[in-house]
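Notes follow once the structure below has been shown.
The values are calculated or read from the model by the stated rules, or taken from the named source; none is laboratory data. The shown structure was predicted, so the numbers you read here are calculated from the model rather than taken from an experiment. Heads up, the Cβs are rebuilt from the backbone with ideal geometry, glycines too, and the neighbour counts pull from every protein chain shown.
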Amino acid sequence: MNKEKEDFFLHSNEVNHINREDYDKIELLVNAAKAFARSTYQCVYIIDYFHQDFIYASDNLAYLCGLEPEQLMDAGYQMYIDHVPDADLQMLLEVNKKGFDLFNELPVGDRLDYTISYDFHLTNGRQSRLIHHHLTPILLSDDGRIWLALCTVSLAATDEPGRWQATIFYQYGYGLS
C-alpha cells in the first residue's frame, strides 16, 4: 500500500488558516503535555492539523517504534505510515473519515468535549503491538475544525484491532457511534 501522510489529513478537517500570533500562545499547551507525559506510562503527542505534523511527542512514543526522539519529530505523522501495517493503515483512513464526519455533525460549542478512540497495530522492526489511541481536540480553528489535538497511545487491552468504529466518547462517558 502506497500511502502519503496527506492521505490522512482529510478535507473534512482541513485547517486553512491559523494566525502566527496563535502559535505564539501554544507553548503553555506543549508544557502541559510534557508534564502529563511525565506523569503517565502513556505515549503523548500533540498533532497540528494546520501544519499536518506533530508539535510535541513524548520520548516513549519514539522508543515504541524503535526510533530516537529526534527521528520521531523529524518523521512526524509519517511515523504512522512507516510503522503501521498496510491493513491497519486502510482502517485508519476509514476511522479518520468516519470520525471527522461525525465530529463535524456536532455543534461547534460541544466539539472540545469529545474524544475519538481506536485500536491498531504499531510495528518496531518485526515486532507488532496492538495499541489503543485517543485523539482529543484541544483547540479549534475559527470555523470549528480541529486545529490541535492531544493524542495518547497505550497498549490495547484486547488482542485484535476492531474497536475502531469511529466511536466518539462524551467526556461524561456516554458514547455515540
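Before moving on, here are some points about what is shown:
- Restricting region 95-136 to residues that are free of Cβ contacts under 8 Å to residues at least 24 places away in the same chain and in a helix (DSSP H, G or I), the residue that is surrounded by the most Cβ atoms within 10 Å (Cβ to Cβ): 110
- Residue 42, sole failed condition from (1) on the phi > 0 side of the Ramachandran plot; (2) buried (at least 17 other Cβ atoms within 10 Å of the Cβ): (1)
- Filtered residue count, region 97-120, keeping only those that are among the charged types (D, E, K, R), in contact with a Ser or Thr (Cβ under 8 Å, 6 or more places away or on another chain) and more than 14 Å from residue 12 (Cα to Cα): 1
- Selection over region 1-24 of residues that are within 20 Å of residue 141 (Cα to Cα) and either out of contact with any strand residue (DSSP E or B) (no Cβ under 9 Å at 6 or more places or on another chain) or assigned to a helix (DSSP H, G or I) (or both) gives a count of 16.
- Filter pass, residue 93 being out of contact with any helix residue (DSSP H, G or I) (no Cβ under 9 Å at 6 or more places or on another chain), modelled with pLDDT under 90 and of a type outside the set (S, T, N, Q): no
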